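Below: one structure, written as structure tokens.
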Amino acid sequence: MTNLQYVRIMTDDPAIQVKLLEVMESYGDDQWWITDNTDYLAYRQFQEDVMLVESHAWQKATEKLLGRDITFMELKLDYKNIKSKVISKYEEKYNI
């Protein structure tokens with residue numbers, strides 16, 4: 001799937017499509033937003049200010065990496081703490 005095909009699925013808004021494409025291009029060949037590795041998806045999305053994945057997919061990837069249920073409200077209200085936990089867990093798991 002190309003980045004353009006992906007953003008057209010995500011939104012019909014041309015301005016948002018342009019923004020998403022700009023961010024995606026900054027990653028070169030690393031299309032982490034369409035990876036099958038949910039750990040990597042959660043790890044990378046927490047490092048990116050622009051949401052490149054659907055919120056439910058991000059939530060489920062985060063839950064899988066942390067090994068516990070997380071509500072979307074918790075993601076929003078405790079973002080910094082969860083981000084820290086996700087990054088630490090990923091780096092520990094993959095020896096980074």
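The values are calculated or read from the model by the stated rules, or taken from the named source; none is laboratory data. Note that the coordinates shown come from a computational prediction; the quantities given were computed from them, not determined experimentally. Don't worry about glycine lacking a Cβ; one is built from the backbone with ideal geometry, like all the others, and counts go over all protein chains shown.
Among the criteria (1) surrounded by fewer than 11 Cβ atoms within 10 Å (Cβ to Cβ); (2) touching a residue at least 24 places away in the same chain (Cβ under 8 Å), the one residue 89 does not fulfil is (1). Can you find a residue in segment 56-71 that is modelled with pLDDT of 95 or more, surrounded by 14 or more Cβ atoms within 10 Å (Cβ to Cβ), touching a Lys or Arg at 6+ places or on another chain (Cβ under 7 Å) and closer than 24 Å to residue 95 by Cβ? Looking for residues that are modelled with pLDDT of 95 or more, surrounded by 14 or more Cβ atoms within 10 Å (Cβ to Cβ), touching a Lys or Arg at 6+ places or on another chain (Cβ under 7 Å) and closer than 24 Å to residue 95 by Cβ, one finds at least one in segment 56-71, hence yes.
Restricted to segment 3-19, and to residues there that are of a type outside the set (A, V, I, L, M, F, W, C) and surrounded by fewer than 11 Cβ atoms within 10 Å (Cβ to Cβ), the residue that is farthest from residue 34 (Cα to Cα) is 14. When residue 27 is tested against (1) modelled with pLDDT under 95; (2) in a loop (DSSP other than H, G, I, E, B), just one condition goes unmet, and that condition is (1). Among the conditions (1) at pLDDT 95 or above; (2) surrounded by fewer than 12 Cβ atoms within 10 Å (Cβ to Cβ), the only one that residue 46 does not satisfy is (2). The combined condition, being β-branched (Val, Ile, Thr) and out of contact with any helix residue (DSSP H, G or I) (no Cβ under 7 Å at 6 or more places or on another chain), is fulfilled by residue 18. The set of residues in segment 37-75 being part of a loop (DSSP other than H, G, I, E, B), in contact (Cβ under 8 Å) with a residue 40 or more places away in the chain and of a type in the set (D, E, K, R) consists of 54 alone.
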